[in-house]
Amino acid sequence: MCIRDRYMGKSARIFTDFENIYNLGIVFISLFCLFVSRYFYPVLLLDVIKRSEDLQNVIRAITMNLQQLFKTLILALIIMFIYAVIGINFYSTYYTADGDSKMYCEDLLMCWTSTINGGLRSGGGIGEATQGATHEESTYWGKYIFDISFFILVNIIILNIVFGVIIDTFDELRDQRKTLIENVETICFICGIGKERHEKEGNGWYEHIYNEHNIYDYLLFLIYADMKKTEDCNQIEKFVKKNLDASKTDFFPIQKSLSLVDTPQTLN
């Protein structure tokens, strides 16, 4: 790989890095608010999401299941379209603009959008958004089934499926983060040997992670070896550099530590 291609690759990584793009976006919004419109300043408050792992997991709980949520949304729209067709043909007189719920059913589109708006926003579904039929009317039982079936299918089943998917994913992400934190606190990132073994057989856990296998020492050495010219490297640095270029990690002391006794339990 020539020097030009190498630096072009690094430049591309810099300008496609999420952190850099995010910071440039913050600068752009700030300048836009400063010179164009101050009404966009509240948008900058969304930076709290970037600073909170829990809020990021809330967003991931939605974005990780977009396909599943989208299909559920399509199903809900189809079901409400069916109810709109039934409503415009049999119960259009119960769609009124009186009261808090403005329900219109002059045509199929208006009936559909009113069913979506009133049916989802009302706690009791379409039955609460529209007028109820009295028991003297011939449509009483039909309207009763119409209202209660909508409430069960849409307000109970469909909406709880959506909430269930989001909540389950959030719990899964929370468990993953909990496991990650436990691994960071109890397993060496470099060698993969647990804290308990270092305490019993080695020089202690903190001595190991801060001195023997300090991740920042490894990081600095990797950067040093990567930036150093090959002809100036010694044999160890050439070996590490070759592995880095091949995206290999064979040079890491996996399941090995000089402070531990060499037993089959230590080696691969």
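Given R₀ = 35 Å, what would the calculated FRET efficiency be for Tyr218 paired with Leu66, taking r from the Cβ atoms and rounding to 0.05? Can you show the working numbers first?
Numbers: r = 37 Å, r/R0 = 1.07.
With a Förster radius of 35 Å, E is 0.40.
Label point 7 Å out from Leu120 along Cα-to-Cβ: which residues of segment 148-172 have amide N under 20 Å?
Once the point is set 7 Å along Cα→Cβ of Leu120, 148-168 turn out to lie under 20 Å by backbone N, inside segment 148-172.
What figure in square angstrom, to the nearest 10, would you give for the accessible area of His198 with a 1.4 Å probe?
Number for this one is 0 Å².
Counting pairs of alpha carbon atoms under 8 Å apart in space and at least six apart in sequence, what relative contact order in percent does segment 40-122 give? Provide the component values of the computation, followed by the final result.
Values: 47 pairs, mean separation 17.1, N = 83.
Relative contact order comes out at 21 percent.
Counting only C-alpha contacts under 8 Å and six or more residues apart, can you give the relative contact order of the chain as a whole percent? Show your work: numbers first, answer last.
On the way: 204 pairs, mean separation 30.5, N = 268.
That works out to 11 percent.
Computed from the mean reciprocal separation of all distinct C-alpha pairs, what Kirkwood hydrodynamic radius does segment 133-207 have, in Å?
Working: mean 1/r = 0.0575 Å⁻¹.
Computed over segment 133-207, the radius equals 17.4 Å.
Taking all protein chains as present, what is the carbon and sulfur share of the accessible area of the chain, in % to the nearest whole number, probe 1.4 Å?
Working: 11850 of 18730 Å².
In the chain, the share of accessible area belonging to carbon and sulfur is 63 percent.
Output ³J(HN,Hα) for segment 63-73: one whole-Hz value per residue in order, computed from phi by the Karplus curve 6.51 cos²θ - 1.76 cosθ + 1.60 with θ = phi - 60°, and x for Gly and Pro.
5, 5, 10, 4, 5, 5, 5, 5, 5, 5, 4
Along Cα→Cβ, 7 Å out, is where each label goes; now give me the distance between the ones at Thr16 and Tyr210 in nm to one decimal.
4.0 nm
In whole Å, how far is the Cα centre of segment 132-172 from that of segment 102-127?
Value for the Cα centre distance between the two parts: 13 Å.
Which peptide among 246-256, 77-87 comes first, and what is the full order, when sorted by highest mean count of other Cβ atoms within 10 Å? If you can, show how the numbers build up before the last one.
Values: 246-256: 12.4, 77-87: 18.0.
For the peptides 246-256, 77-87, the packing ranking is 77-87, 246-256.
What value in Å³ per residue do you get for the convex hull of the alpha-carbon atoms in the chain? Don't skip to the end; give the middle numbers.
On the way: hull volume 67.8 nm³, N = 268.
Per residue, the Cα convex hull of the chain comes to 253 Å³.
Along segment 103-113, what does the Karplus equation 6.51 cos²θ - 1.76 cosθ + 1.60 (θ = phi - 60°) give for ³J(HN,Hα), rounded to whole Hz, x for Gly and Pro?
10, 10, 8, 6, 9, 5, 5, 5, 5, 5, 5
Distance check, please: which entries in Lys178/Lys256; Lys195/Lys256; Lys50/Lys71 exceed 22 angstrom between their Cα atoms?
Values: Lys178/Lys256 26 Å; Lys195/Lys256 13 Å; Lys50/Lys71 28 Å.
Result: Lys178/Lys256; Lys50/Lys71 exceed 22 Å.
Tell me, what is the FRET efficiency for Leu46 and Ser138 to the nearest 0.05, using R0 = 41 angstrom and their Cβ-Cβ distance as r? Working shown, then result.
On the way: r = 54 Å, r/R0 = 1.32.
Approximately 0.15, to the nearest 0.05.
Could you work out how far apart the two model spin labels at Ser259 and Ile78 are, taking each label as a point 7 Å from the Cα in the direction of the beta carbon, and quote it in nm?
6.1 nm
Which ³J(HN,Hα) values in Hz, rounded to whole numbers, follow from the phi angles of segment 198-213 under the Karplus curve 6.51 cos²θ - 1.76 cosθ + 1.60, where θ = phi - 60° and Gly and Pro get x?
5, 5, 7, 10, x, 8, x, 5, 5, 4, 6, 6, 9, 10, 5, 10
Compare the peptides 188-196, 155-163 by average per-residue count of other Cβ atoms within 10 angstrom and give them in order, highest first.
Details: 188-196: 17.1, 155-163: 14.3.
The most tightly packed comes first, giving 188-196, 155-163.
Per residue, how much accessible area does the chain have with a 1.4 Å probe, in Å²?
70 Å²
The values are calculated or read from the model by the stated rules, or taken from the named source; none is laboratory data. All values derive from a computational prediction rather than experimental measurement. Because the Cβ atoms are built from the backbone with ideal geometry, glycine has one as well, and the counts that use them run over all protein chains shown. Calculation scope for accessible area: heavy atoms of the full protein, side chains included, ligands and nucleic acids excluded. Shrake-Rupley method; radii C 1.70, N 1.55, O 1.52, S 1.80 Å.
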